[in-house]
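K.L.:
Below you'll find the structure I mean.
The values are calculated or read from the model by the stated rules, or taken from the named source; none is laboratory data. Note that the coordinates shown come from a computational prediction; the quantities given were computed from them, not determined experimentally. We place every Cβ from the backbone using ideal geometry, glycine too, and count neighbours over all the protein chains shown.
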There are 2 protein chains.
Amino acid sequence: MTDILDLDTPSVLIDLDRVEANLKRVQDFADQSGLKLRPHIKTHKLPRFAQQAIDLGAVGITVQKLGEAEVFADAGITDMLLTFNIIGAIKLARLKALNDRVTIRVVADSTECVAGLSTTFAGGKPLGVLVECDTGMGRCGVQSPTAALELAREIIAAPGLEFHGLMTYPAAGKYQQAAAWLAEAKALFDAAGIAVPIITTGGTPDIWHADEAGVATEYRPGTYIYMDRSQVAAGAASYDDCALTVLATVVSHPTPGRAIIDAGSKALTSDLLGLVGHGYIPAYPDAKVVGLSEEHGTLDVSACVNGGPKIGEQIAIIPNHCCPVTNLFDAVHLVRDGKLIETVPVAARGRVA
Amino acid sequence: MTDILDLDTPSVLIDLDRVEANLKRVQDFADQSGLKLRPHIKTHKLPRFAQQAIDLGAVGITVQKLGEAEVFADAGITDMLLTFNIIGAIKLARLKALNDRVTIRVVADSTECVAGLSTTFAGGKPLGVLVECDTGMGRCGVQSPTAALELAREIIAAPGLEFHGLMTYPAAGKYQQAAAWLAEAKALFDAAGIAVPIITTGGTPDIWHADEAGVATEYRPGTYIYMDRSQVAAGAASYDDCALTVLATVVSHPTPGRAIIDAGSKALTSDLLGLVGHGYIPAYPDAKVVGLSEEHGTLDVSACVNGGPKIGEQIAIIPNHCCPVTNLFDAVHLVRDGKLIETVPVAARGRVA
């Protein structure tokens with residue numbers, strides 16, 4: 001088998017042992033917590049890993065864009081939640097085509113969104129719609145439990161639509177606030193006599209607090225399959241859990257304290273997520289990835305014993321944020337015990353629409 | 001013809017009138033300044049625009065990675081400078097194959113790099129090598145004019161290699177420092193009786209100071225073809241010069257002051273380049289792109305007259321940094337006068353190695 005050090009760089013390596021351990025650990029915790037698991041595929045964008053999670057007990061997948069849903073439907077995944085407000089004629093037509101062949105639910109946070117969905121789905125196979133709730137993230141979502149109830153009534157009244165529940169993406173660290181919000185909403189719906197079949201929340205940063213998700217029925221983590229430096233910083237993982245690394249080569253060492261690698265923002269992304277620096281190098285924990293341009297990464301190796309990595313040396317980097325990294329590579333290398341098992345195209349890479 | 005507002009979003013639009021004006025303006029200025037122009041293709045990654053620049057007078061192209069060189073060689077471009085230290089057996093073999101079919105020069109900043117090149121090219125068609133010089137960027141490059149001369153002597157002595165000159169990528173705003181560095185180096189080479197056929201510098205931020213580049217013979221701008229918000233901030237362009245926009249749709253408007261678009265970091269990138277916010281919206285100059293997650297952009301529209309864009313409205317955004325944006329899209333839409341002319345695949349997208 002090919003040794004990973006024979007691969008061209010920069011490359012993305014996926015450690016299968018760690019993937020399998022991460023999938024199982026989180027599925028087990030969801031089971032213990034009485035939550036259904038609906039992993040977000042944005043992290044890996046690979047149907048095989050979606051299927052592997054389903055085989056372990058996940059109820060389906062979460063996708064963020066129609067293009068992702070189409071790729072995973074083509075690959076045989078039959079149950080998905082699209083956590084995005086679908087707006088506009090082109091996207092509504094694509095959603096209708098998807099709904100005709102798989103189980104797909106979407107979210108809505110506005111009258112305008114509900115109106116577009118209803119116009120499209122009236123008279124055909126009904127579409128399941130969840131109300132998106134802003135429980136602290138400050139992104140999409142209705143702003144109060146009362147507003148959630150109002151929008152649910154609109155969905156219930158809208159031809160072609162069925163009200164299937166509530167969805168939130170909680171801000172990292174605000175899981176208690178999200179749980180309280182959803183509990184208040186659930187009480188309102190109960191008082192109104194409206195069933196809420198699904199209450200879905202998510203996020204890997206607070207995955208180990210999923211058992212405190214209160215009225216939630218379902219959890220949607222994404223990053224947990226690979227983990228990354230931001231999840232280590234959030235306390236959700238250790239570096240030994242991180243399954244995705246970017247393999248890079250030292251191409252220049254202009255000063256004793258500075259080494260340059262062939263992985264820049266086109267490999268590691270510019271995502272900081274509140275961190276300082278652009279990644280962690282397990283083999284050189286004292287090296288810092290202090291700067292990125294598109295194709296160069298700048299390492300400060302002044303704190304490394306023996307000067308750190310040399311020109312020509314390959315090093316593996318745990319990125320700040322693994323999800324956008326997989327969106328930059330046409331293919332990733334699946335490895336086990338330092339050996340290449342298979343190189344697979346990233347099926348849903350670039351599915352931005 | 002298709003109106004751009006009939007396109008699915010997010011999409012990348014390229015205004016051809018602005019592209020043509022930018023290409024001509026910079027070529028004219030290079031001509032006036034007595035400099036050869038060697039545009040960097042990393043910005044557009046499209047052979048047609050490389051050829052268009054050559055037709056206007058550019059001497060060839062600049063590429064950053066072998067994968068880009070291969071795409072442009074396949075497309076018929078025959079003269080290129082690869083401004084990267086090529087290290088390792090896989091890349092050296094690819095470089096040798098390229099050198100056998102086009103004129104390609106590379107850079108080196110270390111004895112190790114020169115040794116690898118020489119081992120590969122000894123006995124075959126010689127390779128032209130420039131010494132990469134760190135004139136203030138703090139990335140790759142030899143650290144002094146004296147070190148440049150020493151490495152040039154190694155290249156001259158190395159079988160299979162020819163010394164073709166000096167290359168630098170100056171830090172933005174440090175063009176005078178770069179010019180002084182190169183002038184000092186040129187004097188050293190002159191005193192040593194070593195010809196320096198090419199002295200190549202670059203950078204769009206200081207493009208309008210190219211006439212102050214001193215001993216330089218060649219200039220390598222990239223971003224100038226599209227321009228972007230960072231170039232406007234640098235004083236190199238106005239918003240009316242910006243040829244690349246990301247077309248997005250408002251998908252949510254959860255509060256009066258907050259609108260959410262379907263373009264996040266997977267469309268606009270997380271690149272800040274020292275700026276606050278993630279783009280400029282010409283139609284809503286008072287709107288601020290205050291946050292990006294992967295698929296959502298958050299706008300603060302509280303300062304907009306009449307509340308800013310509404311749900312379903314499409315808006316065009318000038319990104320902070322246009323180059324990595326084109327790396328995120330499989331295709332871009334060429335437009336003129338608001339009409340779609342052609343949709344073209346981004347030929348060298350994702351060529352990271």
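K.L.:
Give the residues of segment A:223-235 that are crowded, with 23+ Cβ neighbours inside 10 Å and either among the hydrophobic types (A, V, I, L, M, F, W, C) or within 14 Å of chain B (Cβ to nearest Cβ) (or both), sorted by residue number.
P.N.:
Residues of segment A:223-235 that are crowded, with 23+ Cβ neighbours inside 10 Å, as a first pass: A:223-231.
A:Thr223, A:Ile225, A:Met227, A:Asp228, A:Ser230 - these are the residues of segment A:223-235 that are crowded, with 23+ Cβ neighbours inside 10 Å and either among the hydrophobic types (A, V, I, L, M, F, W, C) or within 14 Å of chain B (Cβ to nearest Cβ) (or both).
K.L.:
Another one. Filter the helices (runs of 4 or more DSSP H) completely within segment B:46-99 down to those with at least 2 residues that are on the phi < 0 side of the Ramachandran plot, over 14 Å from the mean Cα position of the chain (by Cα) and of a type in the set (S, T, N, Q). Write out each step before concluding.
P.N.:
Numbers: elements: B:47-56, B:66-74, B:89-99.
Counting at least 2 such residues, we get B:47-56.
K.L.:
Go through segment B:309-324 and report how many residues are away from chain A (no Cβ under 11 Å) and not in a strand (DSSP E or B).
P.N.:
2
K.L.:
Residues of segment B:197-235 being in contact with a Gly (Cβ under 7 Å, 6 or more places away or on another chain), free of Cβ contacts under 8 Å to residues at least 40 places away in the same chain and within 21 Å of B:Val106 (Cβ to Cβ), which ones?
P.N.:
B:Pro197, B:Ile199 - these are the residues of segment B:197-235 that are in contact with a Gly (Cβ under 7 Å, 6 or more places away or on another chain), free of Cβ contacts under 8 Å to residues at least 40 places away in the same chain and within 21 Å of B:Val106 (Cβ to Cβ).
K.L.:
Consider A:Leu92 carefully, then state whether it is within 14 Å of chain B (Cβ to nearest Cβ), more than 14 Å from A:Lys65 (Cα to Cα) and at pLDDT 95 or above.
P.N.:
No, not satisfied.
K.L.:
Would you mind finding the one in B:Leu161, B:Leu166 that is more than 14 Å from every other protein chain (Cβ to nearest Cβ), touching a Cys at 6+ places or on another chain (Cβ under 7 Å) and within 26 Å of B:Gly67 (Cβ to Cβ)? Steps first, answer last, please.
P.N.:
Working: B:Leu161 fails: touching a Cys at 6+ places or on another chain (Cβ under 7 Å).
So the residue among B:Leu161, B:Leu166 that is more than 14 Å from every other protein chain (Cβ to nearest Cβ), touching a Cys at 6+ places or on another chain (Cβ under 7 Å) and within 26 Å of B:Gly67 (Cβ to Cβ) is B:Leu166.
K.L.:
Check whether at least one residue in segment B:170-181 is under 28 Å from B:Ala75 (Cα atoms) and assigned by TED's automatic domain parsing to the domain that holds B:Pro221, and report yes or no. Full working, then the answer.
P.N.:
Applying the first criterion (under 28 Å from B:Ala75 (Cα atoms)) to segment B:170-181 yields none.
The answer is no, given that none of the residues of segment B:170-181 is under 28 Å from B:Ala75 (Cα atoms) and assigned by TED's automatic domain parsing to the domain that holds B:Pro221.
K.L.:
Would it be correct to say that B:Gly57 is surrounded by fewer than 21 Cβ atoms within 10 Å (Cβ to Cβ), among the small types (Gly, Ala, Ser) and away from every other protein chain (no Cβ under 14 Å)? If you could, list the steps in order and put the result at the bottom.
P.N.:
Numbers: surrounded by fewer than 21 Cβ atoms within 10 Å (Cβ to Cβ): yes; among the small types (Gly, Ala, Ser): yes; away from every other protein chain (no Cβ under 14 Å): yes.
So B:Gly57 passes the test.
K.L.:
Moving to a separate point now. Tell me the residue from A:Leu95, A:Leu37 that is without any contact (Cβ under 8 Å) to a residue 40 or more places away in the chain, assigned by TED's automatic domain parsing to the domain that holds A:Arg220, crowded, with 20+ Cβ neighbours inside 10 Å and under 27 Å from A:Ile155 (Cα atoms), please.
P.N.:
Working: A:Leu37 fails: without any contact (Cβ under 8 Å) to a residue 40 or more places away in the chain.
Of the residues listed, the single one that is without any contact (Cβ under 8 Å) to a residue 40 or more places away in the chain, assigned by TED's automatic domain parsing to the domain that holds A:Arg220, crowded, with 20+ Cβ neighbours inside 10 Å and under 27 Å from A:Ile155 (Cα atoms) is A:Leu95.
K.L.:
Can you tell me which residues in segment A:243-268 are in contact with a strand residue (DSSP E or B) (Cβ under 8 Å, 6 or more places away or on another chain) and part of a loop (DSSP other than H, G, I, E, B)? Show your work before the answer.
P.N.:
Restricting attention to segment A:243-268, the residues satisfying the condition of being in contact with a strand residue (DSSP E or B) (Cβ under 8 Å, 6 or more places away or on another chain) are A:243-254, A:257-265, A:267-268.
Hits for segment A:243-268 are A:Ala243, A:Gly257, A:Asp262, A:Ala263, A:Gly264.
K.L.:
Taking segment B:109-125, which residues are more than 14 Å from chain A (Cβ to nearest Cβ) and surrounded by 15 or more Cβ atoms within 10 Å (Cβ to Cβ)? Outline the logic, then answer.
P.N.:
Step one: filter segment B:109-125 for residues more than 14 Å from chain A (Cβ to nearest Cβ), giving B:118, B:121-125.
B:Ser118, B:Phe121 - these are the residues of segment B:109-125 that are more than 14 Å from chain A (Cβ to nearest Cβ) and surrounded by 15 or more Cβ atoms within 10 Å (Cβ to Cβ).
K.L.:
Could I ask something else about it? I'd like the residue in segment B:269-291 that is under 15 Å from B:Leu247 (Cα atoms) and either assigned to a strand (DSSP E or B) or in contact (Cβ under 8 Å) with a residue 40 or more places away in the chain (or both) and, out of all such residues, is farthest from the other protein chains (Cβ to nearest Cβ).
P.N.:
This residue is B:Pro282.
K.L.:
Let me ask something additional. Keeping to segment B:7-27, report how many residues are part of a helix (DSSP H, G or I), free of Cβ contacts under 8 Å to residues at least 60 places away in the same chain and more than 19 Å from the chain's Cα centre (by Cα).
P.N.:
Adding up the residues that qualify gives 0.
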